[in-house]
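Written below as C-alpha cells is the structure these notes are about.
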Amino acid sequence: MWFKSWNQTKNNLPDQVAMDCLPRHIAIIMDGNGRWAQKRALPRSMGHRAGVEALRKIVKTCSKLGIEVLTVYAFSTENWSRPKDEVGILMKLLTEYLRKELEELHQNNVVIRAIGILNDLPQEAQHELEHAVERTKNNSGLVLNLALNYGGRSEIIDAVKKMSQDVLEGKQKIDDIDEKLFNEKLFTGGLPDPDLLIRTSGEMRLSNFLLWQLAYTEIMVVEEFWPDFGENSLIEAIKVYQKRDRRFGGIHTN
C-alpha cells in the first residue's frame, strides 16, 4: 500500500506564517460535534464522525508545519456521564481511527502517545492504542498526544500520590520537590507545556483540561464547531498567536 507523504504539500502553506516562531506544542479542546450535527438535523454520531475527519486534517497540517506536539482532548473523565450509546460510538470511533490511520501516521513519522486513565477504556480500544503507541514509538516527527479518559484534577492527584509514595519509600526528600519534579510525574512528563490552546465552539472554559500545564499558555477561543475547524482555521490561530506578546509574568524592554 502506498502512503502519501504529507511534506509533499508543505509548499502550499500560507506565506504569512512565520516558520521561525511556531508554537512547539498546540493543545485543542475539540468541542461542538453534537451541535454541528444538530444544526444539520443529523444524529450526534454524524457530528462525531465529522470531528474525526477534522482531526485528520489538523494532524496533517501540524505535521507539515513542523509542530512538535499536538495534544487533543478526545474523551474526558466526565464524558462517561453521556448516554451509553454515545459513549459506545465515541469508543468505536477511537478504535476505527487508530486502526485505519495508523499506517499513514507511521509513514509520516508521527509518534502516538496517550494520557489519562487508559485502563478504564474498553479492551478493544486499549489494544489498538497500545499497538499504535508501540508501532510509532521510534518515530521522530509530530507527537500526537491523545487525552483519553483524562481529567486535569485526577492527573494532579495521581502525581501527588506518586511523589508521596517516593517519599514514604525514601526515594525522594520532601525539600527536593519542585516544579520540575512535579512535571515529570504528570501524564505529560517529557513534553513541553502547550504554547497555544485552542477551544472550538465558543465555550469559555478549560473543562478540566491540562490545568497545571496551561499556566502560561496563550488561549484562543473560536466560534467554529470542531468539524468546521480546518487547515485555514489553524493557520489563522497560529498567526494570532504569533502576534501575542509572551512575557511569562515579566516585562519586555526595548
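Residues whose amide H lies under 5 Å from that of Leu197, counting only those 5 or more places away or on a different chain, are Ala27, Glu218, Ile219, Met220; hydrogens are built 1.01 Å from N in the peptide plane. One chain, two ends: Glu236 and Glu223. Fully extended at 0.36 nm per residue, the span grows by 3.4 nm beyond their Cα-Cα distance. Put a plus charge on the Cβ of each Lys and Arg, a minus charge on the Cβ of each Asp and Glu, and nothing anywhere else: the dipole of region 144-222 about its Cα centre is then about 260 debye. Sparsely packed loop sites in region 28-118 (the chymotrypsin sites (Phe, Trp or Tyr not before Pro) outside DSSP H, G, I, E and B with at most 14 other Cβ atoms within 10 Å) do not occur. Estimated purely from DSSP H runs of n ≥ 4, each contributing -39500 (n - 2.57), the mean residue ellipticity at 222 nm for the chain is -13500 deg cm²/dmol once divided by its residues.
Available extension along the chain between Asp178 and Gln16 is 54.3 nm, counting 0.36 nm per residue and deducting the alpha carbon span.
Specify whether the C-alpha gyration tensor of region 124-254 places it in the rounded, prolate or oblate class, a ≥ b ≥ c being the square roots of the eigenvalues: rounded for a/c under 1.5, otherwise prolate if a/b is larger than b/c and oblate if not. Note, shape of region 124-254 comes out oblate. When the pairs Lys185/Lys243; Lys137/Lys243; Lys64/Lys100; Lys137/Lys171; Lys84/Lys171 are compared against a 31 Å limit on Cα-Cα distance, Lys185/Lys243; Lys137/Lys243; Lys84/Lys171 fall above it.
For the chain, a crude dipole built from +1 on the beta carbon of Lys and Arg and -1 on the beta carbon of Asp and Glu, taken about the Cα centre, is about 500 debye to the nearest 20. Shape call for region 184-224 from the C-alpha gyration tensor, a ≥ b ≥ c root eigenvalues: rounded (a/c under 1.5), prolate (a/b greater than b/c) or oblate? Taking the square roots of the gyration eigenvalues as a ≥ b ≥ c, region 184-224 is prolate. Using 0.36 nm per residue and subtracting the Cα-Cα separation, the extra length available between Ile156 and Lys92 on full extension is 20.2 nm.
Springs between Cα atoms under 10 Å define the GNM used for the chain, and in it the highest mean-square fluctuation of Leu22, Leu142, Leu42 occurs at Leu42. Each of Gln126, Gly47, Tyr150 was placed along the dipole of the chain (beta-carbon charges, centred on the mean Cα), and the one lying farthest toward the positive end is Gly47.
Each Cα pair under 8 Å and six or more residues apart adds its sequence gap; the mean of these over the residue count of the chain is a relative contact order of 28 percent. Indicate the gyration tensor shape class of the chain (rounded, prolate or oblate), computed on the Cα atoms with a ≥ b ≥ c the square roots of the eigenvalues: a/c under 1.5 is rounded; otherwise a/b larger than b/c is prolate and the rest oblate. Rounded. With the charge dipole of region 127-254 set up from +1 on Lys and Arg Cβ and -1 on Asp and Glu Cβ about the Cα centre, the Cα lying farthest toward the positive end among the listed residues Met204, Ile177, Leu214 is that of Ile177.
Read-outs: derived from the displayed coordinates by stated rules, not from any lab. All of these numbers come straight from a predicted model, not from anything done at the bench. Positions of Cβ are backbone-derived with ideal geometry, glycine not excepted, and every protein chain shown enters the neighbour counts.
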